């Protein structure tokens, strides 16, 4: 679920969005604030919160933001 946008279904669409995002920004810092991994049977779930700094490739001020993540 990209920030400030509707959810994106499907692996190809998600990968395309991520590619466009990193075509527009360079990540200069990344820190893990919280992270929990739970394994149940043959599935693993990761819930995390990150803080990162992004610099627009076209110029402009760096953006520092916190990101919530869930991976299955």
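Read-outs: derived from the displayed coordinates by stated rules, not from any lab. Just so we're clear, the structure is a prediction, and the values are computed from it rather than from any experiment. So basically every Cβ, Gly included, is an ideal-geometry build from the backbone, and we count neighbours across all protein chains shown.
Below, the figures for the structure above:
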read-out	value
Highest-fluctuation residue, 42, 23, 61 considered, GNM on the chain with Cα pairs under 10 Å	42
The chain, helix-only ellipticity at 222 nm - DSSP H runs n ≥ 4, -39,500 (n - 2.57), divided by all residues, nearest 500	-6500 deg cm²/dmol
Between helix 11-24 and the chain: long-axis angle, C-alpha atoms, 0 to 90°, nearest 10	30
Inter-label distance for residue 12 and residue 26, nm, one decimal - labels placed 7 Å from Cα along Cα-to-Cβ	3.2
Relative contact order (%) - criterion: Cα under 8 Å, at least six apart; region: the stretch 27-71	37
Matching label, mean projected area of the Cα convex hull in nm² computed from the structure shown, candidates [x] 5.1; [y] 5.7; [z] 6.1	[y]
The stretch 5-58, relative contact order in percent, only Cα pairs under 8 angstrom and at least six apart counted	37
